[in-house]
There are 2 protein chains.
Amino acid sequence: MKLPLSTEWVLHCATALAQLEPHTAVSTAQFAEHYDIPAPYLAKQLKALVKAGVLSAAPGPRGGFRLARAPEAITLLEIVEAVDGSAAPYECHEIRQRGRGALAPEECRRTCVLAVRMAEAHDAWRRSLAAVSLADVVADIPPDAPARTRALLAGS
Amino acid sequence: MKLPLSTEWVLHCATALAQLEPHTAVSTAQFAEHYDIPAPYLAKQLKALVKAGVLSAAPGPRGGFRLARAPEAITLLEIVEAVDGSAAPYECHEIRQRGRGALAPEECRRTCVLAVRMAEAHDAWRRSLAAVSLADVVADIPPDAPARTRALLAGS
């Protein structure tokens, strides 16, 4: 059970945007240089965040990506699921209805209890990430970080 | 973020054992037939459960696998982590210390706040699965299932 490597990238890019003045756009090239990550693959991930409604694309020579909403209104869950999807890690293939031990269809009207319990765990994971906004994250970063982030990403 | 397909297999095999008289052993071939799953790959997963202390191997012609402890004392988390490991899905590669925007080492004595929040979500997932025992699962399966499981798996 692994999240893509790019999960860390997009979480940090979104956190950086949350430290800037509202509506400030940052380009893929700026992000790639800021975190030393490969620009072409990062661009694809940032576009996934636009598709998910977390970022919006700003056109033009000073364009790039900006937050689509206020940092208080964007959760870590939205960012993570933008790059990894929202599918649960456990897949039920109804093996309770297969083989010599197969249950009868009338015994399987309710969801398999194991699938229910695995889904409850995934819900707990999702609730945990849905309870944390980008504003919460920025409130916990080192105190000098936002000023430097603004100087480096919004000053050029 | 995906759990292996075999997660469903081992959860069902362990749930079947929890329906039998204590210490009853079931062979890989019996499980494979019971759920219509490929025996060679299943054998590998059942050995992982032995290694994790969830099952114990019973030697001999009537041998196979039995629960290593009472169903009340085996959690879904142990079973899932026996086949998938206990590594968290999110990996922090400290990109906050890389590139042009790198934070100074003295600003990074505490764990990155994003890594902390992702770890909290994984803890919530683990706690949810650790709170469910095989006995809890058996209490929720269709009422006629245990008698048939016993007839099919312990009667041969």
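No value in this document is a laboratory result; all are computed from the given coordinates. Because the structure is predicted, anything quoted here is derived from the model rather than measured. With ideal geometry, Cβ positions are generated from the backbone for all residues, glycine too; neighbour counts draw on all protein chains shown.
Here are the numbers:
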item: B:Ala87-B:Ala131 FRET efficiency (beta carbon distance; Förster radius 25 Å; 0.05 resolution); result: 0.75
item: In degrees, nearest ten, helix A:113-130 long axis to first principal axis of chain A (Cα); result: 10
item: Mean ellipticity per residue at 222 nm, deg cm²/dmol - from DSSP H runs of n ≥ 4 across chain B, formula -39500 (n - 2.57); result: -14500 deg cm²/dmol
item: Gaussian network model of chain A, Cα within-10 Å springs - most flexible of A:Gly60, A:Gly99, A:Gly85; result: A:Gly99
item: Per-residue HN-Hα couplings for region B:52-62 [Karplus 6.51, -1.76, 1.60; θ = phi - 60°; Hz; x = Gly/Pro]; result: 7, x, 8, 10, 10, 8, 10, x, x, x, 9
item: Neighbourhood charge, 13 Å Cβ-Cβ cut-off, centred on A:Ala115 and excluding it, Lys, Arg +1 and Asp, Glu -1; result: -3
item: Simple spin-label estimate for A:Lys2 and A:Asp36 in nanometres, 7 Å along Cα-Cβ; result: 2.2
item: Position A:Arg150, label points 7 Å along Cα→Cβ, spacing to each other copy in nm (shortest first, one decimal); result: 7.2
item: Ratio Rg/Rh [Cα only; Rh per Kirkwood] for region A:1-134; result: 1.16
item: Where labels lie 7 Å past Cα in the beta-carbon direction, separation of A:Ala147 and B:Glu94 in nm; result: 2.5
item: Number of partner chain Cβ atoms within 10 Å, mean per residue of A:127-136; result: 3
item: Using a 7 Å Cα-to-Cβ projection, B:Ala139 label spacings across copies, nm, ascending; result: 3.8
item: 3J(HN,Hα) from dihedral phi, region A:101-108, Karplus parametrisation 6.51/-1.76/1.60, rounded to Hz, x for glycine, proline; result: x, 3, 6, 6, x, 5, 8, 10
item: Inter-label distance, nm, simple model (7 Å from Cα along the C-beta direction), A:Glu120/A:His23; result: 4.8
item: GluC sites (Glu not before Pro) within region B:92-156: DSSP coil, no more than 15 neighbouring Cβ in 10 Å; result: B:Glu94
item: Region A:1-135: relative contact order in percent, alpha carbon pairs under 8 Å with at least 6 residues between; result: 28
item: Distances in nm from B:Glu106 to the matching label points in the other copies, shortest first (labels 7 Å along Cα to Cβ); result: 7.6
item: Ranked B:Thr7, B:Thr111, criterion: other C-beta atoms within 10 Å, fewest first; result: B:Thr111, B:Thr7
